[in-house]
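Here's the structure, in structure tokens; my notes come after.
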Amino acid sequence: MLKGVAENAGGFYQHYPRTATIVTASNNGRKNAMAVAWHCPVSFNPALYGIAVAPKRYTYRMIVDSRQFGINFMPYEKSEKIAEVGGSSGDLIDKFTEFNLTEDQSIKTDVPILKDAYAAYECRVIDDRLFGDHVWIIGEIVAVHTASDVFKENGVLDLKMIRPSLYLGGETYCTGDGESMRVYEREKYGKR
Ligand SMILES: Cc1cc2nc3c(=O)[nH]c(=O)nc-3n(C[C@H](O)[C@H](O)[C@H](O)COP(=O)(O)O)c2cc1C
């Protein structure tokens, strides 16, 4: 592929698509939700998950004070919910009432788990560090919520059952479907 080259990263949208999630928090009787596209697993054992949250977000203070957060993986059909919580501040409105967010019971923390999510983690914060204009918050996964029948026996999401919400940057969402799935066994392909 012929590529242009630049030294300035600019908005750097090149790493998209990535799954668009809703991060939830609860502190002092208040709950809130925000959209988070910058997130990543960081360790299998213990199971650790990282999220990048700008300190100016209302959710940031709630997470740092309560030392817990939830991360909710959303189906494509609910992408609108991601835009709703990602375009408003918990400082001004109660997003759960305003956007009709309904909850499942969390089991190890107080963080809201969204009914609409096909999977969610409850996390306890073990570290948070500022890098540039975002804080990288690492949580230990203490509970995993998964919808039945959407993951195959090998743990892989079944795209025939759920189409995940993927974020392309800006205001654009897309998804993957069962037709685009390919299985390449690494042992076999790595040895060719
Ligand atoms: C699709 C999408 C992804 C986003 N990803 C992030 C992110 O990874 N980190 C972040 O700090 N803000 C992210 N935002 C912005 C916040 O969700 C947004 O500022 C939100 O209003 C914060 O809510 P709060 O003030 O109630 O915490 C994203 C917004 C959208 C729409």
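Odds and ends about this structure:
- For the stretch 120-129, 3J(HN,Hα) per residue [Karplus equation, 6.51 cos²θ - 1.76 cosθ + 1.60, θ = phi - 60°, Hz, x = Gly/Pro]: 7, 10, 9, 10, 9, 5, 10, 6, 8, 9
- Distances between placed amide hydrogens fall under 5 Å for ASP116 paired with THR102, all partners being 5 or more residues away or on another chain.
- Taken about its Cα centre, the stretch 18-190 carries a charge dipole of about 300 debye when Lys and Arg each add +1 at the Cβ and Asp and Glu each add -1 at the Cβ.
- In this structure the chain gives 62 Å² per residue of accessible area when probed at 1.4 Å with all protein chains present.
- Distant-in-sequence amide contacts of ARG67, defined by a placed amide H-H separation under 5 Å and a gap of 5 or more residues or a different chain, comprise nothing.
- With at most 10 neighbouring Cβ atoms within 10 Å, loop chymotrypsin sites (Phe, Trp or Tyr not before Pro) (DSSP) excluded, longest segment of the chain: 45-183
- Under 5 Å from the amide H of THR21 lie the amide H atoms of VAL36, ALA37, each residue being 5 or more positions distant or on a separate chain, with H modelled from the backbone and absent for Pro and chain starts.
- Neighbourhood charge, 14 Å Cβ-Cβ cut-off, centred on TYR58 and excluding it, Lys, Arg +1 and Asp, Glu -1: +2
- Distance from the stretch 52-94 to the stretch 129-160 (C-alpha centre basis), Å: 15 Å
- Remark: the Cα gyration tensor places the stretch 128-178 in the oblate category, a/c being 1.5 or greater and a/b not exceeding b/c.
- The apolar share of the surface of the chain, taken as the fraction of accessible area on carbon and sulfur atoms (1.4 Å probe, ligands and nucleic acids excluded), comes to 50 percent.
- Pairs of lysine residues in the stretch 29-178 that meet both criteria, 8 or more places apart or on different chains and Cα atoms under 25 Å apart, total 21.
- Each stretch of four or more DSSP H residues adds -39500 (n - 2.57); spread over every residue of the chain, this sum gives -3000 deg cm²/dmol at 222 nm.
- Along the chain, longest interval not containing exposed GluC sites (Glu not before Pro), exposed being DSSP loop plus at most 15 other Cβ atoms within 10 Å: 8-152
The values are calculated or read from the model by the stated rules, or taken from the named source; none is laboratory data. Since the structure is predicted, the reported quantities are computational estimates derived from the model, not experimental observations. Ideal geometry is used to build each Cβ from the backbone, glycine not excepted, and the neighbour counts take in all protein chains shown. Note: accessible area is taken over every heavy atom of the protein model, side chains too, but ligands, DNA and RNA are not part of it. Shrake-Rupley method; radii C 1.70, N 1.55, O 1.52, S 1.80 Å.
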